[in-house]
1. So which lysines pass the test for Lys257, namely a Cα distance under 25 Å, with those fewer than 8 places away in the same chain ruled out?
2. Between Lys195 and Asn258, with labels modelled 7 Å along Cα→Cβ, what's the label distance in nm to one decimal, could you check?
3. On full extension of the chain, what length is gained from Ala10 through Ile116, given 0.36 nm per residue of separation minus the C-alpha to C-alpha distance?
4. Using the Karplus equation 6.51 cos²θ - 1.76 cosθ + 1.60 (θ = phi - 60°), what ³J(HN,Hα) coupling, rounded to whole Hz, does each residue of segment 218-234 give in order, writing x for Gly and Pro?
5. List the lysines whose alpha-carbon lies under 19 Å from that of Lys83, not counting same-chain residues fewer than 8 positions away?
6. Among the GluC sites (Glu not before Pro) in segment 51-150, which ones are in a DSSP loop with at most 15 other Cβ atoms within 10 Å of the Cβ? Mind listing them?
7. Per residue of segment 139-151, in order, report the coupling 6.51 cos²θ - 1.76 cosθ + 1.60 (Karplus, θ = phi - 60°) as ³J(HN,Hα) in whole Hz, putting x for Gly and Pro.
8. Tally Lys and Arg at +1 and Asp and Glu at -1 over the other residues with C-beta under 13 Å from the C-beta of Asp13: what net charge comes out?
Amino acid sequence: MTDQTRIPLAGDDLLNEIDRLRKERNAVILAHYYQTPAIQDIADFVGDSLELSRKAAETDADVIAFCGVKFMADTAKILSPQKIVVLPDMDAGCSLEDSCPPEKFKAFREAHPDHIALTYINSSIEVKALSDVIVTSSSAETIISQIPPEQKIIFGPDRHLGGYLSRKFGREMLLWPGVCIVHEAFSETELLKLKAQHPGAPVAAHPECPPTIVEHADYVGSTSGILQFAKTFPGDTLIVATEPHIIHQMELALPEKNFIGAPGADGNCSCNICPYMALNTMEKLYAALRDLEPRIEIEEGLRLDAKRSLDRMLEMASGTIGLGDLGAR
């Protein structure tokens, strides 16, 4: 593959070439909320991971360029097997996916045969294939409310999201011990300092945050849910406890309001920028559209096994997926 660091394009020339290739390849560009503003601004759709894959599946595009992380691009391929799916940097992984190796998850399931596995979408395709129902942060509550109280549950790989749901529903669950390195980095001490500086400003937090952050939040929900809350809260200042690139969408939609990223242990939000999401760049997006590489390839049997758990989620909670998304740019 061409060395992406030697591409001599920049500025408007780079934007024009990406747009030319998008049309030439009949491609749709997807950007997660945690991508840089430049990538968000050039994307056809900006949103949560699953909702982006569903939107792409509904288009007549031949190519999906997913600016996100690998499990998201895998999901796009699960739902659109006939389309070419490229990821600008194949090293764009996820700490939650890394925390849950398929062979260990398989052994854990086999050790608890009376439990069903509710698995967060932030997981590998192999783990999805070993699961009963996939959940997103926006669909998890709807799905858990449909599971009989006597049914035992494994929840993985995010122990903070699982713990939040366990507390909210009074459900005892076996929690896989994974965490998101971005949300784990928030500091309760620094958050309290920020709240003191902005008295009355509500806090919106993602449920991947530790309990010490969630307990100070006025709203807890998915990235799309947080965006919806930003549009409806009555004040003029909101403290946001999730990856700070989401604030770009808030500022576009609500320029009259003030959005402040919750701080990490160093007193600012720089340590809360997802290093995996940051691997995607405009130059790598250009190269991916030009070369149609790196390309997501999934063995068909594995794809169908993983799709089965995704389909169960959509059957149980399709109306909640992407709730609050701002939609196409």
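1. Lys193, Lys195, Lys231
2. Computed distance between label sites Lys195 and Asn258 equals 1.8 nm.
3. Numbers: separation 106, 0.36 × 106 = 38.16 nm, distance 5.00 nm.
Here the segment from Ala10 to Ile116 would lengthen by 33.2 nm.
4. With coefficients 6.51, -1.76 and 1.60, one gets 8, 9, 10, x, 5, 4, 5, x, 5, 4, 5, 4, 4, 7, 10, 5, x Hz.
5. Result set, ordered by chain and number: Lys23, Lys55, Lys70, Lys307.
6. Numbers: sites: Glu51, Glu58, Glu97, Glu103, Glu110, Glu126, Glu141, Glu150; in loops: Glu58, Glu150.
Here the GluC sites (Glu not before Pro) that fit, given the DSSP loop and packing criteria, are Glu58, Glu150.
7. 9, 4, 5, 4, 5, 4, 5, 9, 8, x, x, 7, 6
8. Working: positive: Arg20; negative: Asp12, Glu17, Asp19, Glu283.
Surrounding charge for Asp13 is -3.
Values quoted throughout were computed directly from the atomic coordinates according to the rules given, and no laboratory measurement underlies them. Owing to the predicted nature of the structure, the values given are computational and were not obtained by experimental measurement. Positions of Cβ are backbone-derived with ideal geometry, glycine not excepted, and every protein chain shown enters the neighbour counts.
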